[in-house]
1. Among the listed pairs 116/302; 39/291; 191/302, which have their C-alpha atoms separated by more than 19 angstrom in this model?
2. Working from Cα positions, state the angle (0 to 90°, nearest 10) between the long axis of helix 2-12 and the longest principal axis of the chain.
3. What's the center-to-center distance, using Cα atoms, between region 192-256 and region 75-106 in Å?
4. Across 10 Å bins from 0, what is the distribution of all Cα-Cα pair distances for region 67-197, in whole percents?
5. Based on the alpha carbon coordinates of the chain, what radius of gyration and maximum Cα-Cα distance (Dmax) apply, in Å?
6. What's the percent breakdown of Cα-Cα distances in region 22-136 across 10 Å bins, shortest bin first?
7. What is the P(r) of region 275-372, as percent of Cα-Cα pairs per 5 Å bin from 0?
8. With contacts defined as alpha carbon pairs under 8 Å and 6 or more residues apart, what's the relative contact order of region 67-197 in percent?
Amino acid sequence: MYQAVLFVILFSCSFVAFAEVDFEALRSTYSQAPEAWPKPELSAGVAHRELGLLPDVVHPSSNPFSQAKAALGRRLFFDPKLSRSGQIACASCHDRDLGWADGRTVSFGHDRLTGKRNAPSVENAAFWQTLFWDGRAISLEEQALMPIQDPLEMNMTLPELLEKLNADPSYQSVFKAVFGTKTISVQQVAKALATYQRTIVSRRSDFDYFLLARTQSHSRIQQAYNQKLSDQALWGLHLFRTKARCMNCHNGPLFSDNGFHNIGLTYYKREYEDLGRYLVTGKASDVGKFKTPSLRGVMNSKPWMHNGLLADMEGVMAVYNAGGFRFRGDPKDPLAPITSPLLQPLSLTQQEQQALVAFMDALTPYPSAGIVH
C-alpha cells in the first residue's frame, strides 16, 4: 500500500510550473550571518535551533581521549572476533564506503538472521544524546556492547568475549598499555569502542564551506566557498528552512533535534509492525516514534527510514510533501499510532523537491575515515 501511495504522490506535483526565483537576492541574503537569515517556519513550541557548523567533539571525563585508546577501539570495531561466528564485526553493518551504514534495507547478523531496522550511520555518533533508532542507549559506552550481545547481530555473551580477548596475548598487551591493568574488562572494551566512534566525524560539506565564506579574508577564497552551494542547492536551503518546514525536526549543527517522531511508518498490527520508542519507554504516546536522523552525509547512507523502506531521495521527499502517512485506526485503541502534527502537506512542486535533494547533496561530503588525533 505504501508503495502505491508513494507513486501517486510522486507524480501529483510533476506538472507544476517552475517557480521564478531571484537567486542573486537569495545568495545575498544567505551570505550574511545566520542570525540575519529569514525566520524558519516552525510549529508552535518548536525551538529555533539554527543550522551551523559542527562543534568540536567533547570526550566525557569518565572516558578521556587518547590516541592509543582510539586505535584500540578501531581494531575492535573491525575485528570479527567480537562475534560468536568469528565472521561479523561492528564494521560489517557500519562500513565507511557505505556512509558508515551497510546499504541494506535491514541488516543481517548471526546465521544471516535479519532484524526489523536499517543500520544507522555511526558518523557523528559523538553528538547524539541517545543511540539506536529507539534511543535505548544513552551513551556510546552503553551502546557499544549491545550489538555484541544481540542474538540477531553478533550473538556473543560478554563472559565469552572476555575469555577470547584475555586469551589473546596481543590484545592483553595493548589493553594493558592503554588501561594499565592486566585483565581485560567489559568496561574497557566499551570505552575503547566508544572512543574510536567519537573520532568518526563528518568532513566539511559544501554547505559548511558556504557558511565559512563570509569569514574568509581572501576574496578569491571567499568567492570559491560561497559558490560551493549551487543556485539549486541554495534554493533548497531556503526551502528547507521555510516552505518545506524541515527545521521542525532537522535543526542545529547536526541537522537533528535529537528527538523522536512518528511519520507514519509503524505498520501497526501488520507483518512489519515496529512500535519504536514505545518499546523503550512503555508510553502510548511514543508508539511509532523513531529518532530524527542527522542529514549530514545523508546521501551516503541509503536506503532511508528506520526500516530502509525508501531507496531514493525522491521517494523521501514525496512522503514529507504529503505530510507523512496517516494511520486510520480504532480511536478507542490506546496504542493506535498518531502521526506527528509537525508533518503537514507541503504542496511542494517537483522543482522545489529537486532543489531540496540538491541541498541534501550539499550536506554530503565523502565519508570520514575516523580521525585519530
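1. Working: 116/302 16 Å; 39/291 25 Å; 191/302 29 Å.
Those over the limit are 39/291; 191/302.
2. With both axes taken from Cα atoms, the answer is about 30 degrees.
3. One Cα centre to the other: 28 Å.
4. 13, 46, 33, 8, 0
5. Spelled out, the Cα radius of gyration and Dmax of the chain are 22.1, 70 Å.
6. 10, 26, 28, 20, 12, 3
7. Calculated P(r), rounded to whole percents: 3, 11, 16, 20, 19, 13, 10, 6, 2, 1, 0.
8. Numbers: 201 pairs, mean separation 38.9, N = 131.
The normalised contact order for region 67-197 reaches 30 percent.
Throughout, read-outs are computed from the coordinates displayed, never taken from laboratory work. A quick note: this is a predicted structure, and the numbers were derived from the prediction, not measured.
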